[in-house]
Structures are given as C-alpha cells and as structure tokens.
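Asker: Quick one: the structure is below, and I'll ask about it shortly.
The values are calculated or read from the model by the stated rules, or taken from the named source; none is laboratory data. Given the structure is predicted, the values throughout are model-derived calculations rather than measurements. For neighbour counting, all protein chains shown are included, and Cβ atoms are generated from backbone atoms with ideal geometry for every residue, glycine included.
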Amino acid sequence: MDIKEKIRTVPGFPKQGIMFRDITTLLKDSDAFNYVVDRFYEHYKDKKIDKVVSVESRGFIFGSVLAYRLGAGFVPIRKPGKLPADVIREEYQLEYGTDSMEIHKDAIVPGDHVLVHDDLLATGGTVAAACRLIERLGGKIEGICFLIELTPLNGRKVIPGREVFSLIEYDTD
C-alpha cells in the first residue's frame, strides 16, 4: 500500500511557505490506518518497550494504539498547563517559533525502555525536547518513530545516535 497517497498536502498552513502534511485523510481510511499501525508494530515487536511516549496531539493517535499493540504503557507529553499533576518542562524550537512541553514527573520510572512516537519529523526540536524529558526522568530511549519525515529539514541531526524509523519521507518540506 502506498500510504503517501493517503496524505493530503495543504500549502500555506499554518503559515505561508509551509507545505502541511495532513494525516486526517489517512486516518479516515481504515485499511491505511491499520497498515500504518501494523508497520510500526512489526518494526518494534521484538524490542523491550515499557512505555510509548508521544507528543501532543497527532502523536497520540498512533502512539496510543502502538502502546496497546506492544503491551506497553502510554505516556503523553503535552503543552504547558494541560497535565494535572507535578510535571517537568522543556523548551524547544519549532520550524516556525518556540514552544515548551511537559511530562508528569511520575510518568517514567528510571530504567524504563521507551519508544518515542510523533507523527512528523521536521527540524527535530520537538522530538529532541521529548527525549530530554524522558532522559531527565531516567528513561532509556529504545527508538524513535515517525509517520512522516521531511528530509530537507535535517531533523535527524538534532537527535544523533538514535535509532530513527520513518514510514514516509518527503524530499520537499
């Protein structure tokens, strides 16, 4: 299945010059959705994964299903002020600004084997911040996976030495 065909490109969203990769067209197709979940599962099923950590909000979609399939816990990383208990925070750069994210202090136990999932790898700032949060809590990152990777933005350079798996690559941003 060519899942790239299932993704809509929206020029100029959220700002001029951005080619937004809209996954809602893939999500509504049950065969494509299941195919993506199965591909991620097959890649990680033989690794020891205690937690799947995903970044708000589109990362939650596949991350939670993948956690279920792997028999792992699911941990959300959210924007500031969205989590109800004690958190730690990390600031990071986006391709079009700055932001910060938080994780519950008790979400990761030292020694947890963690798979990080997000829908898209662009400049790498979001996933690098997520990795820093996980490691500050003592988690061991076993892999990082994405549905989409925008290769011209060189996001992998921000997360050197990590095992990165992307299902789709775009050679234009």
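Asker: Looking only at segment 1-11, which residues are of a type in the set (A, V, I, L, M) and under 15 Å from Phe146 (Cβ atoms)? It would help to see each step written out before you state the result.
Answerer: Of all residues in segment 1-11, those of a type in the set (A, V, I, L, M) come to 1, 3, 7, 10.
Scanning segment 1-11 gives Ile3, Ile7.
Per-residue answers, yes or no, for (1) of a type outside the set (D, E, K, R); (2) assigned to a strand (DSSP E or B); (3) under 25 Å from Val37 (Cβ atoms):
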{"site": "Glu91", "(1), (2), (3)": "no, yes, no"}
{"site": "Ile108", "(1), (2), (3)": "yes, no, yes"}
{"site": "Asp118", "(1), (2), (3)": "no, yes, yes"}
{"site": "Glu169", "(1), (2), (3)": "no, yes, yes"}
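Asker: For segment 56-76, does any single residue satisfy the condition of being farther than 24 Å from Arg39 by Cβ and not in a helix (DSSP H, G or I)?
Answerer: Scanning segment 56-76, I find no residue that is farther than 24 Å from Arg39 by Cβ and not in a helix (DSSP H, G or I), so the answer is no.
Asker: Quick one: in segment 52-110, of everything that is free of Cβ contacts under 8 Å to residues at least 40 places away in the same chain and among the aromatic types (Phe, Trp, Tyr), which residue is surrounded by the fewest Cβ atoms within 10 Å (Cβ to Cβ)?
Answerer: Across segment 52-110, the extreme among qualifying residues is Tyr68.
Asker: Within segment 111-127, restricting attention to residues that are under 21 Å from Leu167 (Cβ atoms) and charged (D, E, K, R), which residue is surrounded by the most Cβ atoms within 10 Å (Cβ to Cβ)?
Answerer: Per the stated criteria, the residue is Asp118.
Asker: If you don't mind, there's one more thing I want to ask. Just need a number here: residues in segment 27-44 that are more than 22 Å from Pro110 (Cα to Cα) and in contact (Cβ under 8 Å) with a residue 24 or more places away in the chain. I'd like the intermediate steps shown before the answer.
Answerer: Pass one, segment 27-44, residues more than 22 Å from Pro110 (Cα to Cα): 27-43.
Adding the requirement that they be in contact (Cβ under 8 Å) with a residue 24 or more places away in the chain leaves 27, 31-32, 35-37, 39-41, 43.
Residues flagged as more than 22 Å from Pro110 (Cα to Cα) and in contact (Cβ under 8 Å) with a residue 24 or more places away in the chain within segment 27-44 amount to 10.
Asker: Can you pull out every residue in segment 147-161 that is in a loop (DSSP other than H, G, I, E, B) and either of a type in the set (S, T, N, Q) or buried (at least 16 other Cβ atoms within 10 Å of the Cβ) (or both)?
Answerer: The answer is Asn154, Ile159.
Asker: Looking for whichever is in a strand (DSSP E or B) and of a type in the set (A, V, I, L, M) here; the options are Ile144, Ile134. Which one fits?
Answerer: Every option except Ile144 fails the conditions.
Asker: Right, another one. Of all residues in segment 12-38 being charged (D, E, K, R) and closer than 19 Å to Leu150 by Cβ, which is modelled with the lowest pLDDT?
Answerer: My answer is Lys15.
Asker: How many residues are assigned to a helix (DSSP H, G or I) and more than 15 Å from Tyr170 (Cβ to Cβ) if we restrict to segment 1-24?
Answerer: 1
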